[in-house]
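One structure below.
The values are calculated or read from the model by the stated rules, or taken from the named source; none is laboratory data. From a predicted model like this one, the values you see are computed outputs, not experimental measurements. Neighbour counts are summed over all protein chains in view; Cβ atoms, including those assigned to glycine, are modelled from backbone coordinates with ideal geometry.
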Amino acid sequence: MPRYDISDFPRRSHIDIAHEAAITAYGKAGTWLDSRTRVKILEEVRSAKDCPLCLEQRRSLSPYAKEGEHLSQTGLDPITVEIVHRLCNNADRLTYRWFESILAQGVSAEQYVEIVGLVATAIIIDGFAGALGYQTIPAPRAQGGVPTRKANDKVVEAGAWIPIMDIENEATETGLPKIPNIFRAMGLVPESVRHFFSVMSSQYSLTPFDTSLDRSQVEYIASKMSSHNQCFY
Amino acid sequence: MLLRRSGEASEKDYDLAGMLTESPVGVEGEAVFDRLVQLTYEESYDALHQFLFESKQTMSPEKLVDAVAIATAFNGITKVANASGLPLDQATEETTKKLRMSSGINEFADDLKSDRYN
């Protein structure tokens with residue numbers, strides 16, 4: 001029994017269902033990554049918090065001033081570990097130069113996008129469980145299979161580090177776009193878009209959704225978290 | 001920033017400069033949300049559980065759970081934005097120019113981060 005029992009706080013079943021399904025999907029082959037790598041990425045996210053190098057980088061004026069080896073026990077290759085740990089622990093200070101260095105070490109933009117999607121999805125699911133004192137959903141068994149390696153050519157250069165989904169975008173009556181860039185960001189790998197937003201949209205939507213908060217409260221919380229993450233977007 | 005839009009829709013005037021500072025913005029329950037978001041971001045879960053338990057006195061558990069859902073969702077989606085160097089949609093950039101200057105969000109622009117940290 002935890003010291004401060006919040007187990008009677010209400011759960012929303014559609015969130016639980018979305019989280020379970022998304023965790024299961026880590027065990028399946030992706031578009032560019034095999035199932036073993038995807039499961040290991042989930043496990044790496046779960047252990048990255050305890051990495052001493054990340055902590056040192058976090059405390060540094062520039063997180064790129066401290067070099068060394070990340071603490072990792074998953075057997076993932078060092079460059080994937082670097083991506084996972086930066087995203088988990090120093091994502092607020094990612095730079096284009098860092099991104100370029102990742103690609104220069106042989107990671108394709110498509111692989112990068114799939115890794116980013118997997119990490120961000122795990123951060124939401126595990127963060128939600130941790131915040132409310134739920135058991136973390138166990139990592140699934142890798143089911144094998146072969147990545148589809150199906151490239152999406154419906155992408156466009158739009159000023160991001162990576163090409164984003166190419167779509168005809170209309171403005172809504174508010175003057176904001178119907179499909180914001182954040183939805184298009186992982187367009188290089190459509191399956192990553194589906195996987196990530198299956199979780200994201202269970203907890204937030206631009207349109208009315210199942211919540212006891214009013215819209216100003218929802219957007220206040222979103223903005224505050226964006227501010228902690230130094231998110232320009 | 002959709003907080004401005006929701007303010008317009010509900011005809012409430014929010015002080016958005018407070019988004020990056022300690023000054024109040026004018027949203028109901030914001031002091032609770034500030035702490036909840038901070039502890040969620042820091043993954044300080046023991047402290048967060050204590051805070052949620054104590055906050056039941058002032059805010060319903062349903063609202064607290066829904067607030068955690070929003071906070072954790074945005075802790076994830078900002079990683080996607082930061083990792084992709086995503087620019088603003090053109091329409092968003094035009095309609096939020098003044099707001100972004102007054103709130104200080106422009107300080108988080110990717111080119112400024114590259115200058116600062118590399």
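Within the range A:121-178, take every residue that is within 17 Å of A:Thr24 (Cβ to Cβ) and either of a type in the set (Phe, Trp, Tyr) or not in a loop (DSSP other than H, G, I, E, B) (or both) and give me the one that is nearest to the chain's Cα centre (by Cα).
Here the answer is A:Thr121.
A quick yes/no check of all residues on (1) buried (at least 18 other Cβ atoms within 10 Å of the Cβ); (2) outside any helix (DSSP H, G or I); (3) aromatic (Phe, Trp, Tyr):
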position: A:Ser7; (1), (2), (3): no, yes, no
position: A:Ile15; (1), (2), (3): yes, no, no
position: A:Ala29; (1), (2), (3): yes, yes, no
position: A:Arg38; (1), (2), (3): yes, no, no
position: A:Leu42; (1), (2), (3): yes, no, no
position: A:Lys49; (1), (2), (3): no, no, no
position: A:Pro63; (1), (2), (3): yes, yes, no
position: A:Leu71; (1), (2), (3): no, yes, no
position: A:Asp92; (1), (2), (3): yes, no, no
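Identify all residues within the range B:35-44 that are facing another protein chain (nearest Cβ under 7 Å) and buried (at least 18 other Cβ atoms within 10 Å of the Cβ); write none if there are none.
B:Val37, B:Thr40, B:Tyr41
With respect to A:Thr80, determine if the residue is crowded, with 24+ Cβ neighbours inside 10 Å, touching a residue at least 40 places away in the same chain (Cβ under 8 Å) and not aliphatic (A, V, I, L, M). Write out each step before concluding.
Working: crowded, with 24+ Cβ neighbours inside 10 Å: no; touching a residue at least 40 places away in the same chain (Cβ under 8 Å): yes; not aliphatic (A, V, I, L, M): yes.
No; evaluated as a whole, the condition is false for this residue.
Return only the number of the condition from (1) among the acidic types (Asp, Glu); (2) at pLDDT 95 or above; (3) over 22 Å from A:Gln135 (Cα atoms) that A:Glu67 does not satisfy.
Just one mismatch for A:Glu67, condition (2).
If I go through the range A:174-189 residue by residue, how many of them are in contact (Cβ under 8 Å) with a residue 40 or more places away in the chain and more than 8 Å from every other protein chain (Cβ to nearest Cβ)?
2
What is the number of the single condition among (1) at pLDDT below 75; (2) surrounded by 14 or more Cβ atoms within 10 Å (Cβ to Cβ) that B:Glu8 does not meet?
Condition (2) is where B:Glu8 drops out.
Out of the range A:79-120, which residues are over 15 Å from A:Ser47 (Cα atoms), among the polar types (S, T, N, Q) and facing another protein chain (nearest Cβ under 10 Å)? Walk me through it before giving the result.
First, pick out the residues of the range A:79-120 that are over 15 Å from A:Ser47 (Cα atoms): A:79, A:91-117.
Adding the requirement that they be among the polar types (S, T, N, Q) leaves A:95, A:101, A:105, A:108, A:111.
Within the range A:79-120, A:Thr95 is the sole residue that qualifies.
Within the range A:196-226, can you find the residues that are assigned to a helix (DSSP H, G or I), more than 7 Å from chain B (Cβ to nearest Cβ) and of a type in the set (S, T, N, Q)?
A:Ser198, A:Ser201, A:Ser202
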